[in-house]
Amino acid sequence: MGRSYLAFVLAPELPFVDWLVELDRRVENSLSFFANRPLVLDLSSIAPTKAETVEIIAFIEERHLRLIAVEGVPLDWLPDRLAPLPGKVQTAGVFQPPEAEKPTRSAPPPVSWEPEPSIGSPCAALLVNEPVRSGQSIIYPHGDVIVVGSVASGAEIIAGGSIHVYGCLRGRAFAGTNGNTNARIFCSKFDAEMMVIDGLYKTADDFDLALRGTSVQARLDRNVMNIEQMS
Amino acid sequence: MAKVLVVTSGKGGVGKTTSTAALGAALALNGQKVVVVDFDVGLRNLDLVMGAERRVVYDLINVAQGNAKLSQALIRDKRLENLALLPASQTRDKDALSEKGLARIIKELRTLFDWVICDSPAGIERGAMMAMRHADAAIIITNPEVSSVRDSDRIIGLLDAKTEKAAKGERVEKHLLITRYDQARAMRGEMLKKDDVLDILSVPLLGIIPESEQVLRASNLGQPVTIANPLSAPARAYNDAARRLMGDNLAINVPLERFNLLGRIFGGRAA
């Protein structure tokens, strides 16, 4: 067991003003998504000057977003509190929502998540009707994710709420990423690589071998993850 | 109405080129007009397996860049007149193939043939993406082992994201072809069983090609196995797969090598 944290990477694009307008729109639409979420600012793609860097950081912090680090500019341009992340060691734990930073028109992500749940159903679940393939990420910070099908080895589901898999869970499941300790992970066939609830994780080495292939649920009990068979 | 097929797998060495040649020849033997297109720019092989390596004058890149006409680059098969090959370039770089040029070629091939079979390079880089770009249907080649299955799973995800059909909100039709299948080893647990592969990939099965030395022998002779030895187990399996593509409803089994009495006697003496 251990605890991991999710930080999201903001990668501004040129023209910066347009990007800022887009960011404002997203922040407004998904307040819950950005509330208290640690953010990393990656400036490598726009290569700003020192003065511009200071200005960009000011723009972001004006919006009450919680910036924890800045990457892609020389270290001495930054205030001490925003030192870059050390090397690549931590970036492995940093997840980038596929749509939030890089809106690509030619290649939409195979499974779309709705940025705003419809009015009247504040925690509408995301229903995924097909198998989640190796290499795909389903990211849905607003609530539960239901997968009708299997989640392949090398795929991952990241949900603000609980995760329900009606098939075999072979990949990784991150539930309760918004700090929801009541989130659970359910699957009808358990063969996962990693299970995470609110940052507390267990890897395949920690799993009870007898549970493999059975239907299980995982939940947190006073900061300990219990994975139990469901009858 | 022509159909564009991509033969893809993610992993290398599982039998994409062999299967492209065998299925192309099998479709042609069933009276269809077929072209097989090599997308492995820089590492072309399909010309060898088709036995046309000495006949390549112009290639895919030449046509895409407008330096040659499609009719100049197409190589008509000497054994089957309704089978043709569009070779890849061996000397050029993968990036030499332009999106626009490719779209024009595929459009023209659609008017000339019933089946356009694109032999994808391994990997998930640009070459593989170009090969699947215009596909109506995909044949995913998988060996019954875990790394091949996971790579296929990755490719299936990309088929739903990076193809022209996906961009239009449509689905690419998918077929799974399990190659190099050894029933005895699968039973002993040394290979994944057919049902395990299907369970992981959840894609409809097009056929199971048994592991056979006939396949390698045919490739080295520059002949698709369906032409070289049509009665061999792999050739019959490929032929069944081709007929399923044409819409025939055939039960799927693993063809076994027929017990050939004469072959046994003479084979035994020769050894």
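The values are calculated or read from the model by the stated rules, or taken from the named source; none is laboratory data. Here the structure is a predicted model, which means the values were calculated and not measured. Because the Cβ atoms are built from the backbone with ideal geometry, glycine has one as well, and the counts that use them run over all protein chains shown. When the accessible area is computed, the model is the full protein with side chains, heavy atoms only, and any ligands, DNA or RNA have been set aside. Shrake-Rupley method; radii C 1.70, N 1.55, O 1.52, S 1.80 Å.
Tabulated data
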read-out: Computed helical MRE - 222 nm, chain B, DSSP H runs ≥ 4 contributing -39500 (n - 2.57), nearest 500; value: -12000 deg cm²/dmol
read-out: Region B:3-266 - share of DSSP beta bridges that are antiparallel (%, nearest 5); value: 5
read-out: Probe 1.4 Å - accessible area at B:Met246, Å² to nearest ten; value: 70
read-out: Stretchable slack from A:Ala51 to A:Arg81, in nm (0.36 nm times residue separation minus alpha-carbon distance); value: 9.0 nm
read-out: Cα-based shape type of region B:204-254, given that a ≥ b ≥ c are square roots of the gyration tensor eigenvalues and the cut on a/c is 1.5; value: prolate
read-out: Gained length - B:Glu53 relative to B:Asp248, 0.36 nm times residue gap less alpha-carbon distance; value: 66.9 nm
read-out: Region B:1-146: C-alpha gyration tensor shape, a/c 1.5 cut-off, then a/b vs b/c; value: rounded
read-out: Dipole of region B:3-266, positive end: most advanced residue of B:Ala84, B:Ala21, B:Tyr238 [Cβ charges, Cα centre]; value: B:Ala84
read-out: Degrees, to the nearest 10: B:233-245 long Cα axis against longest axis of chain B; value: 50
read-out: Candidates per trypsin sites (Lys or Arg not before Pro) in region B:65-156, loop by DSSP, up to 15 other Cβ within 10 Å; value: B:Lys69, B:Lys78, B:Arg79
read-out: Nonlocal amide H pairs with B:Lys3, under 5 Å, H built at 1.01 Å; value: B:Trp115, B:Val116
read-out: Solvent exposure, largest accessible area first (probe 1.4 Å, DNA, RNA and ligands not counted), of B:Asp119, A:Asp191, A:Asp208; value: A:Asp208, A:Asp191, B:Asp119
read-out: Which of A:Met194, A:Ser215, A:Met225, positive extreme of dipole for region A:180-228 (C-beta unit charges); value: A:Ser215
read-out: Low-density loop positions, GluC sites (Glu not before Pro), region B:171-261 - DSSP coil, at most 12 other Cβ in 10 Å; value: B:Glu190
read-out: Exposure ranking of B:Leu112, B:Leu46 by accessible area [1.4 Å probe, largest first]; value: B:Leu112, B:Leu46
read-out: Computed accessible area, B:Lys193, all protein chains, 1.4 angstrom probe, square angstrom; value: 80
read-out: Share antiparallel - DSSP beta bridges, the protein assembly as shown, percent rounded to 5; value: 20
read-out: Between 0 and 90°, nearest 10: helix B:261-270 axis offset from chain B longest Cα axis; value: 90
read-out: Residues with amide H under 5 Å from that of B:Arg180, placed H, sequence gap 5 or more; value: B:Ile209, B:Glu211
read-out: Sites B:Arg76 and A:Glu13 - FRET efficiency at Förster radius 56 Å, r taken between beta-carbons, to 0.05; value: 0.65
read-out: Cα shape, region B:3-266, gyration tensor, a/c 1.5 rule; value: oblate
read-out: Filter on A:Lys189/B:Lys194; B:Lys33/B:Lys69; B:Lys107/B:Lys174; B:Lys107/B:Lys162; A:Lys50/B:Lys162 - keep pairs with C-alpha separation over 27 Å; value: A:Lys50/B:Lys162
read-out: GNM flexibility winner over chain B from B:Leu221, B:Leu86, B:Leu74 (Cα, springs under 10 Å); value: B:Leu221
read-out: Calculated FRET efficiency for the pair A:Leu127/A:Val224, C-beta based, R₀ 30 Å, to 0.05; value: 0.50
read-out: Amide H partners (placed H, <5 Å) of A:Leu10, local residues excluded; value: A:Val40, A:Leu41, A:Asp42
read-out: ³J(HN,Hα) computed for each position of region B:128-142 - Karplus, 6.51 cos²θ - 1.76 cosθ + 1.60, integer Hz, glycine/proline x; value: 5, 5, 5, 5, 8, 3, 9, 6, 8, 9, 10, 10, 9, 8, 9
read-out: Under Karplus coefficients 6.51, -1.76 and 1.60, residue-wise ³J(HN,Hα) of region B:50-63 in Hz, glycine/proline x; value: 8, x, 10, 5, 8, 10, 6, 10, 10, 9, 3, 5, 4, 6
read-out: Within region B:3-266: Cβ-based charge dipole about Cα centre, in debye rounded to nearest 20 (Lys, Arg +1; Asp, Glu -1); value: 460
read-out: Buried accessible area, chains A and B (both chains, 1.4 Å probe, Å² to nearest 100); value: 1200
read-out: Average accessible surface area per residue within the protein assembly as shown, 1.4 Å rolling probe, Å²; value: 48
read-out: HN-Hα J in Hz across region B:199-207 - Karplus 6.51, -1.76, 1.60, θ = phi - 60°, x for Gly and Pro; value: 5, 6, 8, 5, 10, x, 7, 8, x
